[in-house]
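Let me begin by presenting the structure, written as structure tokens, before commenting on it.
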Amino acid sequence: MDMMTWGGDADAAADPAELLARADALRDNRDWNAAAEGYAAFLRLRPRDWGIRVQYGHCLKEAGDPHAALLAYREAERQCPHDSDIHLQIGHALKLLGRQEEAVEEYARALTLDPANDAARGEFLALHAGPASAGLMAAEPPPLPVPAEASWQTGVGSVVFDASDLLDYFRHNRAPTGIQRVQLNIIREALDAADAEGVAIAGFCAAAGQWKPVPPALFLRLALLSREGSSIEDAAWRGALQAVEEALRDGAPLDFPPGCSLVNLGTSWWIPDYLRLVRQAQARSGLRYIPFIHDCIPLLVPEHCSSALVDEFARWFASVCLHADAVLTNSDCTRADFRRALNRLLPGLDLPCFTVPLNAADPPAGTAALPPMLRSGRPYVLFVGTIESRKNHLLAFNAWLSLLRRHGAEAVPDLVCVGKQGWLAEAALQLHRNSAALRAKVHLLHGVPDTELGALYRGCLFTLYNSFYEGWGLPVTESLAAGKVPLVPDHSSLREAGQDSAVYFIPQSEPDLVAKLERLIFEPGFRAAQEAVIAAAPPPRPWAALAADIRHAVREAGRLRLPAPRERLRIELGTVHPLRLLPGPEPGLAMGIADVLRDGEGWSRLEEWGVWTCPGQSLLRLPLAPQGEAGRLRLYLEMLGPPEPVSFRIRAGLRGAAPGRFRSIEAGAGEALFCMLEVELGMGGEVEVEIETDLGVMLPGRDGTPDRQVGIGLRSLMACRRDDLAARLDYLERLALPRMVEA
């Protein structure tokens, strides 16, 4: 049946109600062609009735013309784009037309609009379960919609996955890299588990300084689209991303239930004051904070990281050791690295650490074609990894030049490098640009979606993965899942990832790398024997098993109870404590102290110069080491006035005791001042400093527009006994003298 057109004068005098009643009767009698003609006549008189247009599409579909039905549904969608059922019907029509991936997208969109649409959920799941009844191939990405209104918010022991890092990555990228792929797969499988009722997803809204819930259907739609393409300008991708952004902007703050665990599978050091807000949630609801440590690379090989990342990571590490209730690590190697750094920072702190090996991967899926330069059947070796200093592509490129000079271009396979450009990649890229031989044989690809990456794994001879250090090495596991031999350096966690199935070369040895490449390229029996080892070994685990392991580790961690962040500290008298962002490269306890002394909501973020209070009440809490005897304590605070004069009140006392008397202070614009307070101290305890500012000062942002209101600025503090003249003099000399040389 051809799609019927709207318009014409034949029905102008007809009664629309009669036309509709006649069409409904024909539909009930399953006379689909006649019913479609009746609905078409009605729509010529009432073209804006999108509900009847959907009925018209149903009749066209039942009459055997899904293409015409799709056109009708699309017109209804144009008139009412936010109706979940319309997208469900579009999905049905696309499925009948064999356009499965588009159908999955429409079912996901229907779930986004109405997470309770059980029909859409059933269709979405069915397309992933296996070949559909119509003979369609199963969709590649594993699926997982669950109701957005799951009852996790009332369940003790519930798990909230913090996807902030992943969502921030998606703001500028689409195709996932290693850590993003880990997050996507684990969260997706956790949502699909039998006990998914206790799982939720959250994103951190920096503007509000709060976590907001992310509806599972929105997350799953974004996850699905991230695997199917790389263009961030694609309309479907932009729409899905915008929906998530709106949920974060307009959603109600997340209310963590008692005993809930916040599991952060990505990073958080880039979020200002993230751990201060974790601390507040821990105090308010008993939240357990459990980060996933993928590696300690910025501490171990800082020369291969940006200086800003090294500083951020060092500060984060120092503070996370005070806040985490447990940590997850991806390998025994990373666990040992974490433990060593923790023991240097906080000797004696027994922070629970659970290893969840990342030996999970889906078999390469998808029917995508290889890139054009490989479609002629030319053999190639695959190297998946960000093109950066740490991955040392320079070594691989030099090895390829050696192969080309020894054996000639015809005998040497191509090298296909998949990954975006990262930090300090100039040396390798310059060599690639300068060598015509490398440009002909080494191909650099980025923004490769998972469907195409699967084709690249399936078609390669073997894989190469190089680096100076690894936390796990997910491309090694993906290579094994494809039945392909990974060639990797023998160091860090790569033995755990490759087990007996990988071929290893001496780290950073070009001669040994070339020798192993020659065996894999020119000795077919060697490669075949190693592929047989892979085939006989247990395959990588499904991601569902990894998600289950994480849930189990979280439950185990929930049985333990660590001291609160400040209780892990005992501050010694006479020590100066900067209240600012401190530089790396090593994590120092002073970094964590600068974060953890601030209590409550009355603080702006730490900056390199110091920190601003906010209008209202701002609290500092100093947990002091046990004292041998009671006495008077002096607190010195180094302060800074904002760009305009400000008035504030300040007092100090022992927490739990009667508060002291407020002192009112006027600070001039930009004035540097010191405040000295005295406290009667017992044998120990926690000293509380309270600052109140009624009217703050508006700070301009970088563009000159108003940014935030602030009170007084703090740079450092020091507590000592009143009779400790040496400590008092040392503190004041440090701050008063710009440069003092001891001779």
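Going by neighbour counts of Cβ atoms within 10 Å, the residues ASP165, ASP255, ASP85 line up, fewest first, as ASP255, ASP85, ASP165.
For the chain, leaving out every one of the GluC sites (Glu not before Pro) that falls in a DSSP loop and has at most 11 other Cβ atoms within 10 Å, the longest unbroken run is 1-232. Exceedance of the 22 Å cut-off in Cα-Cα distance is absent from the set LYS391/LYS516; LYS441/LYS516; LYS391/LYS441.
Bridging of LYS420 to aspartates and glutamates at a Cα separation below 13 Å is possible for GLU388, once same-chain residues fewer than 8 apart are set aside.
Between ARG238 and GLU410, 0.36 nm times their residue separation minus their Cα-Cα distance comes to what?
57.5 nm
The range 642-658 and the range 164-231 have their alpha-carbon centroids 42 Å apart. The slack between SER647 and ARG632, meaning 0.36 nm per residue of separation minus the straight C-alpha distance, is 2.7 nm.
Amide hydrogen proximity for SER716: with H placed 1.01 Å from N in the peptide plane, the residues at 5 or more positions away or on another chain lying under 5 Å are LEU579, GLU638.
Per DSSP helix of 4 or more residues, -39500 (n - 2.57); summed, then divided by the residues of the chain. What does that give at 222 nm, rounded to the nearest 500? Display every interim value, and only then the final one.
Details: 26 runs with 306 residues, N = 743.
Computed ellipticity for the chain at 222 nm equals -12500 deg cm²/dmol.
Database remark: amide H of ASP273 closer than 5 angstrom to the amide H of LEU606 (H placed geometrically; neighbours at sequence offset of 5 or more, or on other chains; Pro and chain starts carry no H). Coupling constants for the range 588-603 follow from the phi torsions by the Karplus curve (6.51 cos²θ - 1.76 cosθ + 1.60, θ = phi - 60°), and in residue order they are x, 4, 4, 5, x, 5, 4, 7, 7, 5, 6, 10, x, 8, x, 10 Hz; glycine and proline get x.
Report note on the peptides 412-418, 630-636: ranked by the mean count of other C-beta atoms within 10 Å, highest first, their order is 412-418, 630-636. Shape class for the range 460-590: oblate, because the ratio a/c of the largest to smallest gyration tensor axis (alpha-carbon atoms, square roots of eigenvalues) is 1.5 or more and b/c is at least a/b.
Summarising the amide proton neighbourhood of ILE571: residues at separation of 5 or more, or on other chains, whose placed amide H is nearer than 5 Å comprise LEU624, ALA625.
Couplings for the range 605-617, taken from phi via the Karplus curve 6.51 cos²θ - 1.76 cosθ + 1.60 with θ = phi - 60°, read 6, 5, 10, 5, 7, x, 8, 8, 6, 9, x, x, 9 Hz in order; Gly and Pro are left as x. Counted by Cβ distance under 14 Å from HIS552, the other residues give a net charge of 0, where Lys and Arg count +1 and Asp and Glu count -1. Listed by chain and number, the aspartates and glutamates placed with their C-alpha closer than 17 angstrom to that of LYS212 are GLU149, ASP162, ASP165, ASP168, GLU245, GLU246, ASP250, ASP255, ASP273; residues fewer than eight positions away on the same chain are left out. P(r) of the chain in 20 Å steps, Cα pairs, percent per bin? Per 20 Å bin, starting at 0, the Cα pair percentages come out as 15, 38, 31, 14, 2, 0. Listing ARG580, ARG315 from fewest to most neighbouring C-beta atoms within 10 Å gives ARG580, ARG315. Rounded to the nearest whole Hz, the Karplus-based 3J(HN,Hα) values (6.51 cos²θ - 1.76 cosθ + 1.60, θ = phi - 60°) of the range 506-511 follow the sequence 5, x, 6, 9, 5, x, with x at glycine and proline.
Here, each number is a calculation from the coordinates, and none is a lab measurement. Remember, predicted model here, so these are calculated numbers, not experimental data. Counting neighbours? That spans all protein chains shown, and the Cβs are built from the backbone with ideal geometry, glycine included.
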